[in-house]
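Student: Questions regarding the structure given below will be posed in turn.
The values are calculated or read from the model by the stated rules, or taken from the named source; none is laboratory data. What you see is a predicted model; the values in this text were computed from it and never measured. Cβ placement follows ideal geometry from the backbone for every residue including glycine, while neighbour counts extend to all protein chains displayed. We work out accessible area using only protein heavy atoms, side chains counted, and drop any ligands, DNA or RNA first. Shrake-Rupley method; radii C 1.70, N 1.55, O 1.52, S 1.80 Å.
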Amino acid sequence: MKKMNKNNDLDSIINIIENNDRFLVTSHVNPDGDNIGSILALKIFLEQLGKKVEVVLDDEVPDCFSFLSYSQDIKEYNPELEIDFDVLFTLDSGDWERISDVADLVDKQVIVNIDHHADNTLYGDYNLVTDAAATAELIYQLIIELDKSKLNQDLATAIATALITDTGSFRYSNTRPETHQIMADLLDFDVDVNYITRQIFENNTYQSLMLKAKVLETLEVDETAKIAWVKIPEHFLEEVGATWEDAEGIVGYPRSLQGVEVAVLFKEYRPQEIKVSLRSNEYFAVDKVAHQFDGGGHAKAAGCLLECGLEEAEEKVIEAVKEEIRKY
Ligand SMILES: [Mn+2]
């Protein structure tokens, strides 16, 4: 029988933390600042409560987040890993598949799902899912409810990094008064905002700048000038010696074009495997388009994966965006 899962089990989650000792914390593949910041904040907090905590991701930690304390304790999944735990925390992951192979470590443990994606499927035994700017806001809320005295500089820096990443330094419309209030509280712990923002946003490698130069040459705009897109064929990476990590943030360029409402980035991850990132500026809900291709996300930032060639993916997604934008 299917359970009717709720989206706010904060009190139950507090009970679970108080009554268990061994935790595994994970998050989605292609880690970003919100998921790395959130898992480190939760790890630091739980360890201060005397709990045993392991952190496993089915991916490497991107270099730009290696400045965060304890980031070197994040293990990359491999089939030989053996971890004893009673409770699994999945952070910032809209559905169970987002944690990828880390799911193989799970048997009958309690699953706690903490996330801010509106399309979260509430797959946890317990869920804390609201439309906060970042998952780290919910981690902060949990910490405040449980034991505020455990906040320290490392913990505050992890949460601040998550907030800064997911709000684009408090510029995106997901930024709420609460987001600024939390940030103000964190600043009491000597968080170095300038240092964090440089690590995240001004940390280009030579290869990543060269990659951006090539990608910008692929810029296309539709006849209404409301939709702009760029693409990264796999061979671009080889030509400049870049990695997919160097492609981070590129979708911001087509979105920054004057008058554009929807921006799309097509990445040829492998032949016949195209990752699509969708962004919007004001009114267009890009998650609607992502859902058409079994993807997900937020109204202003979403993504999907198409199993076809680059050109075909481009044609299908841009057509779907055009179809959808006519309704506005
Ligand atoms: Mn997030």
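Student: Which value does Rg/Rh take for region 10-201 over its C-alpha atoms, Rh per Kirkwood?
Tutor: 0.93
Student: If R₀ is 51 angstrom, what is the calculated FRET efficiency for the pair Leu49 and Leu305, using the beta carbon separation as r and rounding to 0.05?
Tutor: E(calc), rounded to 0.05, equals 0.85.
Student: For the chain, what is the mean residue ellipticity at 222 nm derived from helices alone (per DSSP H run of n ≥ 4: -39500 (n - 2.57); sum divided by total residues; nearest 500 deg cm²/dmol)?
Tutor: -11000 deg cm²/dmol
Student: Cα gyration tensor of region 36-123, axes a ≥ b ≥ c as square roots of the eigenvalues: rounded (a/c below 1.5), prolate (a/b > b/c) or oblate?
Tutor: Rounded is the answer for region 36-123, as its axis ratio a/c remains below 1.5.
Student: So in the chain, what percent of DSSP beta bridges are antiparallel if you round to the nearest 5?
Tutor: For the chain, the DSSP antiparallel bridge percentage is about 40.
Student: Taking 0.36 nm per intervening residue step and subtracting the Cα-Cα distance, what contour gain separates Glu60 from Asn194 on full extension?
Tutor: 45.8 nm
Student: Right, another one. Might you tell me the accessible area per residue for region 206-325, computed with a 1.4 Å probe and given in Å²?
Tutor: 48 Å²
Student: Mind telling me which of Gly259, Gly124, Gly37 comes out most flexible in a GNM of the chain, alpha-carbon contacts under 10 Å?
Tutor: In the Gaussian network model the winner is Gly259.
Student: Taking GluC sites (Glu not before Pro) as exposed when DSSP calls them loop (any state but H, G, I, E, B) and at most 13 other Cβ atoms lie within 10 Å, what is the longest stretch of the chain free of them, the sites themselves excluded?
Tutor: Segment 83-201 is the longest.
Student: Can you compute the FRET efficiency between Asn19 and Glu220 using 1/(1 + (r/R0)^6), with r the Cβ-Cβ distance and R0 = 35 Å? Round to the nearest 0.05.
Tutor: Working: r = 56 Å, r/R0 = 1.59.
Calculated value: 0.05.
Student: On a full-extension model of 0.36 nm per residue, what is the gain between Asn5 and Asn152, subtracting their alpha-carbon distance, rounded to one decimal in nm?
Tutor: Contour length minus Cα-Cα distance gives 49.6 nm.
Student: In addition: With a ≥ b ≥ c taken as the square roots of the eigenvalues of the C-alpha gyration tensor of region 243-325, please select rounded if a/c is under 1.5 and otherwise prolate if a/b is larger than b/c or oblate if it is not?
Tutor: Numbers: a/c = 1.67, a/b = 1.22, b/c = 1.37.
Since a/c reaches 1.5 but b/c is at least a/b, the shape of region 243-325 is classed as oblate.
Student: Let me check against my output: what whole-number percent is the relative contact order of region 253-317, with C-alpha pairs under 8 Å and at least 6 apart?
Tutor: Normalised by residue count, the contact order of region 253-317 is 30 percent.
Student: Counting only the heavy atoms of the protein chains, how much of Tyr126 is accessible to a 1.4 Å probe, in Å² to the nearest 10?
Tutor: For Tyr126, solvent-accessible area is about 80 Å².
Student: Further question: Can you tally the lysine pairs in region 10-201 where the Cα-Cα distance is under 18 Å and the two residues are eight or more apart, or on different chains?
Tutor: Taking the Cα cut-off of 18 Å, the pair count is 10.
Student: Would you work out if the chain is rounded, prolate or oblate? Take a ≥ b ≥ c from the square roots of the eigenvalues of the alpha-carbon gyration tensor; rounded if a/c is under 1.5, else prolate when a/b is larger than b/c, oblate otherwise. Please report the intermediate quantities before stating the final value.
Tutor: Numbers: a/c = 1.66, a/b = 1.55, b/c = 1.07.
Cα axes put the chain in the prolate bin.
Student: Ignoring ligands, DNA and RNA, what percent of the 1.4 Å accessible area of region 198-328 is carbon and sulfur?
Tutor: Ligands and nucleic acids excluded, carbon and sulfur give 48 percent.
Student: Using alpha carbon centroids, what distance separates region 227-242 and region 78-128, in Å?
Tutor: Between the Cα centre of region 227-242 and that of region 78-128, the gap is 32 Å.
Student: A further question on this structure: May I ask you to list the residues of region 271-290 whose amide nitrogen lies under 20 Å from a point 7 Å from Cα along the Cα→beta-carbon direction of Glu323?
Tutor: Under 20 Å, as judged by backbone N against the label point of Glu323, lie 274-280, 284-290 of region 271-290.
Student: Using only alpha carbon pairs under 8 Å that are at least six residues apart, calculate the relative contact order of region 10-201 and give it in whole percent.
Tutor: Across region 10-201, relative contact order equals 24 percent.
Student: Okay, moving on. Could you provide, to the nearest whole Å², the per residue accessible area of region 10-201 with probe 1.4 Å? Present the calculation step by step, with values, prior to reporting the outcome.
Tutor: Values: 7970 Å² over 192 residues.
The answer is 41 Å² per residue.
Student: Let me ask you something else. In straight Cα distance, which aspartates and glutamates are under 15 Å from Lys214, not counting same-chain residues fewer than 8 positions off?
Tutor: By straight Cα distance, Lys214 reaches Glu234, Glu238, Glu239, Asp246, Glu248, Glu268.
Student: Sequence gap at least 6, Cα distance under 8 Å: using those rules, report the relative contact order of the chain to the nearest whole percent.
Tutor: Across the chain, relative contact order equals 13 percent.
Student: Once each part is reduced to its C-alpha centroid, what is the distance from region 8-25 to region 136-153 in angstrom?
Tutor: 14 Å
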